[in-house]
Amino acid sequence: MTATGHPPASPSIGTLIARARTNADRAATRRAPGAPIRVLVADDSYLIREAMREVLAGLAPIELVDTFADGDSLLAAVDANPPDVVITDIRMPPAGDDEGIRIARRLRETHPGVSVIVLSQYAGAGYALALLEDGAEGRGYLLKERVHDRNELLAAIEVVAQGGTTIDPSLIQELLAADRMRHSSPLDDLTPREREVLAEMAEGRSNASIAESLVLTKRAVEKHVGAIFQKLCLEDDEVVSRRVTAVLMYLAANER
């Protein structure tokens, strides 16, 4: 929290992944040199579990410890003997649609040294953003179609086991676009001159005082103020309230 009580802005996806890469070398020391990467798999589909067994069995650096059909059984196994990496379906019992995200968040708190790869049948940036909200270190998000490519799956496991981050290539553009929308602000649409006028408004100046300060005509200032209200989607009624709201938006943005 800041001194004014505003919560800090959440970091961008780029920042989260950069932090994960910075921490990857430190995380790599968790396993003894040459030791296999111990993996647990959870998916409510028997066919997927068996497919994962077959794929992982052919990967020399990987030791598949066990597979599970639900999240609670998986978490109990992690508590009993933490693996290096958990690979979990995003949708399975008991929570349903977001069980994989729930597991990743729970393990971040209880077993921060356990990395998690979430598998999804659908390409959607929303779940990937949710997965990375608590930090990108040791987290991966892949489409289920990738599990049949041994090299790609192995690369993902090795990256997260070292504390890095892996995101399915088909999601990158959508993820970045969703992240930009999450961090965007109507203030971004203001021109430099409009931002100068709004900054003067935040100091409590009248239009006449702003005109004098910025060496503009009063009519020009009124035009800029009108444009600010329009871009910030502030209604035409109660001009004083619009002015206060615009100033509050400006101040809140500058607290980030």
Net charge of neighbours whose Cβ lies under 12 Å from the Cβ of Glu145, counting Lys and Arg as +1 and Asp and Glu as -1 | -1
Rounded FRET efficiency, nearest 0.05, which uses the C-beta distance separating Val247 from Arg53 and R0 of 51 Å = 0.25
Quote to one decimal, in nm, the extra length available between Asn151 and Arg195 on full extension: 0.36 nm per residue of separation minus the C-alpha distance between them.
-> 10.8 nm
Cβ-Cβ cut-off under 14 Å around Ala80, Lys and Arg +1, Asp and Glu -1: the net charge is -2
Estimated FRET transfer efficiency when R0 is 25 angstrom, pair Arg105-Val65 (beta carbons, to 0.05) | 0.70
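Just so you know, all these numbers are worked out from the coordinates, no wet-lab data involved. Being a predicted model, the structure only gives us computed values, none of them experimental. In this analysis, Cβ positions are derived from the backbone assuming ideal geometry, glycine residues included, and neighbour counts consider all displayed protein chains.
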